């Protein structure tokens, strides 16, 4: 096992732990804003995990998938924040 595989394994374990902790905060969060922040962080960690898998499997397709997940995560966070602050998403 070379150093890149070891680093990827450690990084994937850390990101997976972060995913589990964010999912726990999403389901257990005391407030709605905590849940929205957990959802945003969950999408960011999912992007990181997809990128790490793309590096490990040496494929470019997963990088495009990570870009799509990042865009959807950003849009959903903005939409939920606008809904909480104004009561509607579209003016």
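Report, by residue number, each residue of the range 52-66 that is closer than 18 Å to residue 41 by Cβ and either without any contact (Cβ under 8 Å) to a residue 40 or more places away in the chain or more than 14 Å from the chain's Cα centre (by Cα) (or both).
Passing the criteria: only 66.
Could you tell me which numbered condition residue 37 fails, if it satisfies all but one of (1) under 25 Å from residue 5 (Cα atoms); (2) under 11 Å from the mean Cα position of the chain (by Cα)?
(1)
For the range 1-41, name all the residues that are assigned to a helix (DSSP H, G or I), surrounded by 13 or more Cβ atoms within 10 Å (Cβ to Cβ) and free of Cβ contacts under 8 Å to residues at least 24 places away in the same chain.
If the condition is that a residue be assigned to a helix (DSSP H, G or I), surrounded by 13 or more Cβ atoms within 10 Å (Cβ to Cβ) and free of Cβ contacts under 8 Å to residues at least 24 places away in the same chain, then 9, 14, 21, 22, 23, 25, 26, 34, 35, 37, 38, 41 are the ones that fit.
Among the residues that make up the range 79-89, is at least one of them touching a residue at least 40 places away in the same chain (Cβ under 8 Å), surrounded by 13 or more Cβ atoms within 10 Å (Cβ to Cβ) and assigned to a helix (DSSP H, G or I)?
For the range 79-89, residues touching a residue at least 40 places away in the same chain (Cβ under 8 Å), surrounded by 13 or more Cβ atoms within 10 Å (Cβ to Cβ) and assigned to a helix (DSSP H, G or I): present.
FYI, it's all coordinate maths here, none of it is from the lab. Note that the structure is predicted; figures quoted are calculated from it, not measured. As a convention, Cβ positions derive from the backbone with ideal geometry for all residues, glycine included, and neighbour counts pool all protein chains shown.
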